[in-house]
1. If I go through segment 128-141 residue by residue, how many of them are part of a strand (DSSP E or B), within 17 Å of residue 175 (Cα to Cα) and not acidic (Asp, Glu)?
2. Please work out which residue is farthest from residue 16 (Cα to Cα), limiting yourself to segment 87-102 and to residues that are surrounded by fewer than 13 Cβ atoms within 10 Å (Cβ to Cβ) and either in contact (Cβ under 8 Å) with a residue 60 or more places away in the chain or out of contact with any Gly (no Cβ under 8 Å at 6 or more places or on another chain) (or both).
3. Checking residue 220 against (1) surrounded by fewer than 14 Cβ atoms within 10 Å (Cβ to Cβ); (2) within 26 Å of residue 95 (Cα to Cα); (3) in contact (Cβ under 8 Å) with a residue 60 or more places away in the chain, which single condition isn't satisfied?
4. Pairs please, first residue from segment 239-261 and at negative phi and of a type in the set (Gly, Ala, Ser), second anywhere and buried (at least 20 other Cβ atoms within 10 Å of the Cβ) and outside any helix (DSSP H, G or I), Cβ atoms under 9 Å, 6+ apart in sequence or on different chains.
5. Only one residue in 192, 176, 252 is touching a Phe, Trp or Tyr at 6+ places or on another chain (Cβ under 9 Å), part of a helix (DSSP H, G or I) and aliphatic (A, V, I, L, M), so which one is that?
6. Please go through segment 51-72 and pick out each residue that is under 17 Å from the mean Cα position of the chain (by Cα) and part of a helix (DSSP H, G or I).
7. Hey, could you check segment 141-163 for residues that are surrounded by 15 or more Cβ atoms within 10 Å (Cβ to Cβ) and farther than 17 Å from residue 36 by Cβ and say which is farthest from the chain's Cα centre (by Cα)?
8. Part of a helix (DSSP H, G or I), on the phi < 0 side of the Ramachandran plot and surrounded by fewer than 11 Cβ atoms within 10 Å (Cβ to Cβ): does that describe residue 42?
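The values are calculated or read from the model by the stated rules, or taken from the named source; none is laboratory data. These numbers were taken from a predicted model, which means no experiment stands behind them. Backbone-built Cβ (ideal geometry, glycine too); neighbour counts: all protein chains shown.
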Amino acid sequence: MPVFDWLRRRREQRVLQQRPIPDALWELVMLRHPFLQRRSAEDLGELRRLATLFLDAQRFQTLGPLTLTDEMAVTIAAQACLPVLRLGLHWYDRLTGIVVRPHELAVAGEVMDEDGVVHQHDDVLAGEVNYAGRVLLSWNDVQQASELATMEPDAPVYNVVIHEFVHLMDMRTGWATGLPPIEDRDLRRRFAQVLEASFEAFCDRVDAGEEDVMDEYGTEGLDEFFPIASEAFFVRPHALREVDAGLYQVLAEFYRQDPAANRE
């Protein structure tokens, strides 16, 4: 084993032994997030390991009248680590910090229409990833995602933590395009083909007013459709597989996970 790998593993073991997530806290977070609780014992063991290492490596910051608690940090870490469960934390090498606000962030912007007229608009952001690698999250929306998944299981999936960290994966080597940097050429080609076809079909369903497991915000473009589809893949995998089996399959190949194999 190369010396670098040996040192990394030794350090990880030290972190896992000296700063473990307490059992009661982990169980509480799992209880409040049923889609996590449904995973296999093997998946949950690896998720807890990654979340422990994630918490040790990452810097959290709060803005406004908000105090970060251990429960908040573990809640974010557990969901952030789910997409990289079988890929590894190195997919988050660009991450430089996590900022948690009490509520959404209002930002002003402008857009030019096809006639060249510039329109001013205000956007409300529940989360954001900037190109310096910093993730911004609204704690209100993090909590809301858990409540919606429990109280409104048939509503379109909403999970701001998964959404923003999938954006971060997409941006690993550059701009967010909806096509993450996949090394396998065949998978990259099929991923691009399936994602584009599924995006077009999804937009058609939204235009027709059909209900869907994916939030209509995914119609904004492929760069938003990829994280929106990923939210559904992790939170309501059976529903996503039913509405678009091809999309589910290519996401399963990319993430190296099959969440629909677990009980609903």
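1. Qualifying residue count, segment 128-141: 3.
2. That would be 93.
3. For residue 220, the exception is condition (3).
4. Close Cβ pairs (under 9 Å, with a partner that is buried (at least 20 other Cβ atoms within 10 Å of the Cβ) and outside any helix (DSSP H, G or I)) amount to 239/157; 239/213.
5. 252
6. The answer is 51, 54, 55, 72.
7. Restricting to residues being surrounded by 15 or more Cβ atoms within 10 Å (Cβ to Cβ) and farther than 17 Å from residue 36 by Cβ, the top hit is 156.
8. Criteria met by residue 42.
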